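Just below is one structure, and these are the notes that go with it.
The values are calculated or read from the model by the stated rules, or taken from the named source; none is laboratory data. These figures come from a predicted structure and were not determined experimentally. Neighbour counts run over all protein chains shown; Cβ positions are idealised from the backbone, glycine included. Heavy atoms of the whole protein, side chains included, go into the accessibility calculation; ligands, DNA and RNA do not. Shrake-Rupley method; radii C 1.70, N 1.55, O 1.52, S 1.80 Å.
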Amino acid sequence: MQKKVHKLKDFSFGDYQLIAIASHQSDYRLSWALNQKLNWHLTQTDDLTVKPGKGLNKQYFSCFSFYDQQHHAYHLIANKSQEGFLMPSMTNIDYLLRISGGYAPEELEPVIRKVRQIDFVITAFLLTNLKEKDKKKFTF
């Protein structure tokens, strides 16, 4: 008897955009600066927990979150932890800003511009064309 295999096509991992941020400041200092610059209210939440694969230990990444009245969600997530990197292919990126709630990539340009204006931010840019395994890490 042959097994029947079903594959999902055009499966969306969520309605979110990712902004990569390089900054050598601590997570709480960056979240404070984002709050000041963008009039947000990021507060520390539970760490993002990722199990990278069989035989590997769980990884914990600090996370700051804010939800606005228009049902947008903002999550500042550290790319580094003591266990390794959330995005190993991007070791030069310190933080990832996950924004969900229906933003189109071009609508985020003003946000990216303001993030870049923060004194201790080296760079910020929109991440596109992520691999499927990386997209899965940000579905929560």
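Restricting attention to segment 30-53 and to residues that are closer than 12 Å to Val115 by Cβ and of a type in the set (A, V, I, L, M), the residue that is most open to solvent (accessible area, probe 1.4 Å) turns out to be Leu38. The set of residues in segment 1-29 being more than 14 Å from the chain's Cα centre (by Cα) and modelled with pLDDT of 85 or more consists of Ser23, His24, Gln25, Ser26, Tyr28, Arg29.
Highlighted here are the helices (runs of 4 or more DSSP H) found entirely within segment 23-140 that include at least 2 residues which are among the hydrophobic types (A, V, I, L, M, F, W, C): 27-38, 109-116. On the basis of being without any contact (Cβ under 8 Å) to a residue 60 or more places away in the chain and either touching a helix residue (DSSP H, G or I) at 6+ places or on another chain (Cβ under 8 Å) or within 10 Å of Ala20 (Cα to Cα) (or both), does Thr128 make the cut? Answer is yes for this residue.
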